[in-house]
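The values are calculated or read from the model by the stated rules, or taken from the named source; none is laboratory data. Everything numeric here is computed off the predicted structure, so don't read it as measured data. Please note: Cβ atoms are built from the backbone with ideal geometry, for glycine as well, and neighbour counts cover all protein chains shown.
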């Protein structure tokens with residue numbers, strides 16, 4: 001009987017191939033540590049953004065920038081860490097603007113991470129990914145909901161400050177194999 005079923009399966013197109021995702025984690029540097037500097041010393045502005053504050057400069061100053069090479073988020077969770085090994089958290093003052101850039105160079109999604117008043121880009125208020133804070137635990141922030149399930153993307157990061165001092169520690173993206181039970185609960189892609 002098994003031989004008949006095997007022959008029937010082969011005649012109808014063979015057995016479905018099993019597709020495996022990445023089996024090990026890998027890290028991609030997003031931002032290099034930038035020493036603390038007074039906001040007034042930061043001359044580059046991000047004029048397309050506005051911080052909803054009454055007491056400080058509404059146009060944020062650029063502290064640092066970084067961008068990943070193209071990568072695929074298929075089958076992985078993409079989390080932020082402060083080191084390549086995924087053991088440390090990271091710090092930022094005030095916030096990081098994250099832009100997901102498609103293969104065609106267009107920005108697909110944006111979000112902010114850090115301690116900031118509401119930030120708008122044109123008429124759109126940007127989503128704050130995670131809690132409002134200066135410091136984050138290792139892997140606390142999952143970028144997967146921002147990323148398309150298929151295709152190559154880059155993540156562009158701009159560290160911004162609007163009062164006092166601006167700084168950032170090392171920030172890495174870690175692509176970690178998605179387990180069957182983990183990652184699916186907070187995945188909002190395609191909704």
**Request:** State yes or no: is residue 78 closer than 29 Å to residue 162 by Cα, surrounded by 15 or more Cβ atoms within 10 Å (Cβ to Cβ), in contact with a helix residue (DSSP H, G or I) (Cβ under 9 Å, 6 or more places away or on another chain) and modelled with pLDDT of 95 or more?
**Result:** yes
**Message:** Looking at the structure I just gave you, is residue 15 farther than 20 Å from residue 147 by Cα, touching a helix residue (DSSP H, G or I) at 6+ places or on another chain (Cβ under 8 Å) and modelled with pLDDT under 90?
**Reply:** yes
